[in-house]
Structures are given as structure tokens and as C-alpha cells.
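Below is one structure, written out as C-alpha cells; the observations come after it.
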Amino acid sequence: MKGCVVIPTYNNDGFLGELLDEVLILQPSVIVVNDGSTDKTANILSSYPSLTVITFVHNKGKGAALKAGFKKALEMGFDHAITLDSDSQHRASDIPAFLEVLEEEAPIMIMGSRLLDQENVPVGNRFANRFSSFWFRVETGLRLKDTQSGFRLYPIREMEGTRLRSGKYEFELEILVKAGWKGIAVREIHIHVYYPPGEERVSHFRPLRDFLRISLLNFMLLFLGLAWHRPRNMYRKYKSKPLKQI
């Protein structure tokens, strides 16, 4: 299977160059989506001629950036894509761990699971992850410890054609749920994560507006999951088994 790395970035020029240096050592096929950055991001990207760069004139949101990156990856003939954030949280050194699992279980979606009980993890991040993980389990019947991580491996060829409506932060929840509905195996692996001190931390998450969008998406997915997808998947799972075993 052919794979690449997709990195969405928006005004993270303080960390982007170091991340690219680390990633390119491990994976030469890298697609960066510059999501309307107004800092020095464009200058940094121009110094890496081997990158495939997609540039939005205006900021469209993480979901739109990931969609564009996946579309380009498919056009380039890739079957899977590893995504990681450019805000210094993720370590490129964890990429080989994703590939090891992929070799054994492809096609599969792999989630990088963070240790969210660390002392410097923001309280809001812990709450958001518990909230999201609970509803993900209700909507899909699957249990994950960390549904909010942006460090993931997507089976983009298997997901091709899936209708995805979200364009902001909630996109990562929607695609995760719909992967579960499609019957794609979802696994978690441990990853390292770094949370810089509060004064150095860069976040474009808008707590009120983005949490509302995620809540509305959960309401829609809950209805669709309980009304159709979970009963359908249970039927497919048990239709060939005798009644006594069920």
C-alpha cells in the first residue's frame, strides 16, 4: 500500500519547519495544506521543494483542509494518509508505529492515543475527549480512549466516496464515526504528545462555536446511528449465525 503524510496548517510558523524536517526523514511523500495562513508559513513551505503544497487564500477550517489533502493524495495514487497537527503536539518519530500496525491489519484506521492524564494537559481537552468518546461509543458501538487526536492513519482508498459534510474541527469526529459505520477496523496505538506552556500554546479552537458544532453533529450522528447504521451492522454480523448462538 502506498502512503503519504497530510499536514493541515494555519498560522503555526513557529513549529512548522521543525516538524517538516522530522517528517521528511521518515516519509518523503508529504502534502501540506496551507489553510489561509497570514504568518510566515508560505515562506517556510517555499524552502521545501519536495513538498506538495495546497494553498487556500482564506482560512476554511481543518476539515476543509483535510478533505483537500485527501483528495490530492488519492489523485497521486496513495492508499492511506497519516495526518498530524503542526502545533508542536505530535512527534514524527511515532510514524513507524502506525506503519507497523498497517502492515499487519490493512485496511484499517489507526488512532494515535494520547496520555491525557498528564499534569499539563488543559482541562478543556480532557472534558472534550471524554464527551466525544462517550458519544462515539453510543453512535458506533466501538470503544476508544482518545477520539480527539489529530494524529491518525486514514485508509483513504477505503473511505473514498463517503459523504462527509463537516468542514471545521468536527470533521475528524464525523469521518471516524462513518469509518466505524462502514465496518472499517479502528485501532488505537500509544503516541507521545507535548503540551507547551500556556503562554506558548497555539490553538485555533473556538470553545463556544466549535463545541456547538460538534454537539449538533453528535445529535445528527446519534439519530442516524441508532435508526439505521447500528441495526444494519448488527444484522450483517449475526445473519449467518443460528438463533441459539445469537
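The values are calculated or read from the model by the stated rules, or taken from the named source; none is laboratory data. Keep in mind the model is a prediction, meaning the values are calculated, not measured. Glycine also receives a Cβ, built like all others from the backbone with ideal geometry; neighbour counts cover every protein chain displayed. When the accessible area is computed, the model is the full protein with side chains, heavy atoms only, and any ligands, DNA or RNA have been set aside. Shrake-Rupley method; radii C 1.70, N 1.55, O 1.52, S 1.80 Å.
For the range 1-121, the fraction of alpha-carbon pairs lying more than 21 Å apart is 38 percent, rounded to a whole number. Looking at the chain, the accessible area is 53 square angstrom per residue; that uses a 1.4 Å probe and ignores ligands, DNA and RNA.
Computed over the Cα atoms of the range 55-114, pair by distinct pair, the Kirkwood hydrodynamic radius stands at 13.4 angstrom.
For the range 33-46, the Karplus equation 6.51 cos²θ - 1.76 cosθ + 1.60, evaluated at θ = phi - 60°, returns couplings of 9, 7, 8, x, 4, 10, 9, 8, 4, 4, 5, 5, 5, 5 Hz by residue, with Gly and Pro reported as x. Tell me the angle of helix 62-75 to the major Cα principal axis of the chain, expressed in degrees between 0 and 90 and rounded to the nearest ten. In the chain, helix 62-75 runs at an angle near 90 degrees to the longest axis. Only beta bridges with both residues in the chain are counted; by DSSP, about 25 percent of them are antiparallel. Axis of helix 171-181 versus longest Cα principal axis of the chain: the two differ by about 30°, to the nearest ten degrees. At 1.4 Å probe size, with the rest of the protein present, what percent of the exposed accessible area of the chain is carbon and sulfur atoms? Ligands and nucleic acids excluded, carbon and sulfur reach 56 percent.
From most to least packed by mean Cβ count within 10 Å, the peptides 15-26, 38-49 give 15-26, 38-49. Using the Cβ-Cβ distance between VAL138 and ARG209 with R0 = 30 Å, the FRET efficiency computed as 1/(1 + (r/R0)^6) comes to roughly 0.80. Counting 0.36 nm for each residue step from GLU22 to TYR238 and taking away their Cα separation leaves a gain of 73.2 nm. Kirkwood hydrodynamic radius computed over the chain comes to 18.8 Å, based on all pairs of distinct alpha carbons.
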